[in-house]
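Just below is one structure, and these are the notes that go with it.
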Amino acid sequence: MLPPPASPGQRLGDVDTPALVVDLDAFERNLSILRETLKGRKIRVRPHAKTHKSADISKIQIADGAVGVCCQKVSEAQALVEGGVPDILVSNEVVGAQKIARLVALAPKARIGVCVDNLRNLRDIAAASGQAGARLDLYVELEVGMARCGVPPGPAAVELVKEILRHPHLRFGGLQAYHGRAQHLRTMEERRDVISRAAEGVKRMKELLRKENIECPLVTGAGSGTFMFEVESGTWDEIQPGSYVFMDADYARNEWKAPLPRFEHSLFVLSTVMSRPSDRMAILDAGLKASSVDSGLPEIWKRPGLEYTHASDEHGWLEGSDVPPLGEKVLLVPGHCDPTVNLYDWYVCVRKGKVEALWPVSARGAHY
């Protein structure tokens with residue numbers, strides 16, 4: 001890990017660039033917005049740490065009322081457990097002897113859950129955890145419209161639940177039901193409709209379990225773009241929003257109105273003008289290696305008339321009127337927060353223009 005590009009007490013304008021910046025006031029307001037939106041409702045919050053990949057942020061979320069966090073890879077879970085996070089659901093399938101062994105090894109250190117959608121994989125996890133004397137929570141992942149992982153609600157899903165219950169060292173954690181594609185459907189009506197259909201599948205599955213006299217401990221899922229639709233359906237017991245703590249340019253393009261609150265941008269990439277080819281063009285030191293562009297180019301924060309038009313590996317083109325001079329710092333809103341975070345070793349945490357803290361990106365590069 002490289003040393004951080006800033007130090008506490010430093011002015012934002014003196015931070016070296018490119019730097020991943022968190023506006024702490026906006027970040028804390030986002031935590032508060034989620035908490036107040038859910039006030040009085042019997043719903044558990046398990047934020048998704050794939051967004052921030054940070055043990056520090058995970059522990060802040062748990063202190064704010066979350067039951068634990070989610071992540072997507074065993075190596076992410078390892079980094080978070082090492083950072084002191086006590087309850088983690090790997091909301092993904094874990095396949096292969098090495099990965100399963102690493103997952104099982106975490107069980108004595110934290111409460112660990114994992115998703116399954118295949119009988120053979122389930123039995124591999126059961127064998128490894130049995131040999132190690134470890135207890136894991138297993139969740140059956142339902143395919144509710146994402147067309148990715150998961151098994152459709154029906155007999156095959158019921159058989160997976162029954163198999164979990166046959167192993168005394170495994171716990172049936174519940175059902176994972178997440179519709180990722182719904183998060184970025186632009187209109188409220190589109191998202192509401194998709195989640196309504198997903199809820200019907202979950203209800204059908206719960207009814208099948210009831211007929212087998214199997215209690216479903218909980219249903220978990222939901223993201224930042226839909227979570228109140230899952231809550232209001234009465235079908236989910238736990239939600240997994242991730243991007244709400246930061247937001248990004250792509251989420252900002254969604255329609256936001258009740259019952260979904262609008263969160264604030266709290267994550268930025270700080271960049272410097274490194275060249276000034278003309279009065280209407282500046283070249284920034286933040287290119288493809290500084291901000292993910294899978295959901296579109298970054299946007300310029302509070303500089304009307306300027307546009308980030310294209311990028312190469314280490315350069316970003318800034319064009320428009322009132323182009324900043326050489327050496328000036330510019331804040332960018334990433335197009336997609338999750339993969340942008342994975343490009344950095346450190347968060348530079350700023351309050352009112354001054355660096356207050358530095359948080360390591362604990363699980364940076366944790367893909368395996």
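Structural remarks
- For the stretch 48-241: relative contact order, % (alpha-carbon pairs under 8 angstrom, 6 or more apart): 15
- Amide H contacts under 5 Å for ALA49: CYS70, CYS71, restricted to partners 5 or more places along the chain or on a different chain, H placed in the peptide plane at 1.01 Å from N.
- The C-alpha atoms of the chain define a longest principal axis, and helix 97-106 lies at about 90 degrees to it.
- Cα pair count fraction exceeding 17 Å, expressed as % - the stretch 82-196: 56
- For Rg/Rh (Cα atoms, Kirkwood Rh), the value calculated from this model appears in (1) 1.01; (2) 0.96; (3) 0.94 under label (1).
- If you run the Gaussian network model on the chain, springs between alpha carbon atoms under 10 Å, then out of ILE283, ILE239, ILE214 the most flexible one is ILE214.
- Taking a sphere under 14 Å around the Cβ of THR235 and counting the other residues whose Cβ falls inside, with K and R at +1 and D and E at -1, yields a net charge of +3.
- Other residues whose C-beta falls under 13 angstrom from the C-beta of VAL95 contribute a net charge of +1, scoring Lys and Arg +1 and Asp and Glu -1.
- Overall Cα dimensions of the stretch 1-123 - principal axes, largest extent first, Å: 55, 43, 23
- Expected 222 nm ellipticity per residue - DSSP helices of 4 or more, -39500 (n - 2.57), all of the chain, to 500: -8500 deg cm²/dmol
- Across the chain, C-alpha contacts under 8 Å between residues 6 or more apart give a mean separation that, scaled by the residue count, equals a relative contact order of 22 percent.
- Remark: the chain carries a charge dipole of roughly 1060 debye about the Cα centre, counting +1 on each Lys and Arg Cβ and -1 on each Asp and Glu Cβ.
- Look at ASP87, ASP64 and count the other Cβ atoms within 10 Å of each Cβ; fewest to most, that gives ASP64, ASP87.
- Candidates per GluC sites (Glu not before Pro) in the stretch 213-283, loop by DSSP, up to 11 other Cβ within 10 Å: GLU215
- 3J(HN,Hα) from dihedral phi, the stretch 205-216, Karplus parametrisation 6.51/-1.76/1.60, rounded to Hz, x for glycine, proline: 5, 4, 5, 4, 5, 4, 5, 9, 6, 10, 7, 9
- Remark: the stretch 180-267 projects, on average over all directions, an area of 5.6 nm² (convex hull of Cα atoms).
- Loop trypsin sites (Lys or Arg not before Pro), the stretch 19-73, which have at most 14 other Cβ atoms in a 10 Å radius of their Cβ (DSSP): LYS39, ARG41, LYS42
- The chain: angle of helix 24-37 to the longest principal axis, Cα-based, in degrees nearest 10: 40
- For the chain, the longest principal axis of the Cα atoms and the long axis of helix 119-132 meet at an angle of about 90 degrees.
- Loop chymotrypsin sites (Phe, Trp or Tyr not before Pro), the stretch 228-294 (other Cβ atoms within 10 Å of the site Cβ: 15 or fewer; DSSP): TRP256
- Charge tally around GLY9: other residues with Cβ under 9 Å, Lys/Arg +1 each, Asp/Glu -1 each, net +1.
- If you sort the three axes of the alpha carbon gyration tensor as a ≥ b ≥ c, you get a/c of 1.5 or more for the stretch 48-241 and a/b no higher than b/c, which makes it oblate.
Each reported figure results from applying straightforward, stated rules to the coordinates on display, with no laboratory input. Keep in mind that this is a model prediction, so the values were computed, not measured. All Cβ positions, glycine included, derive from the backbone under ideal geometry; neighbour counts span all protein chains shown.
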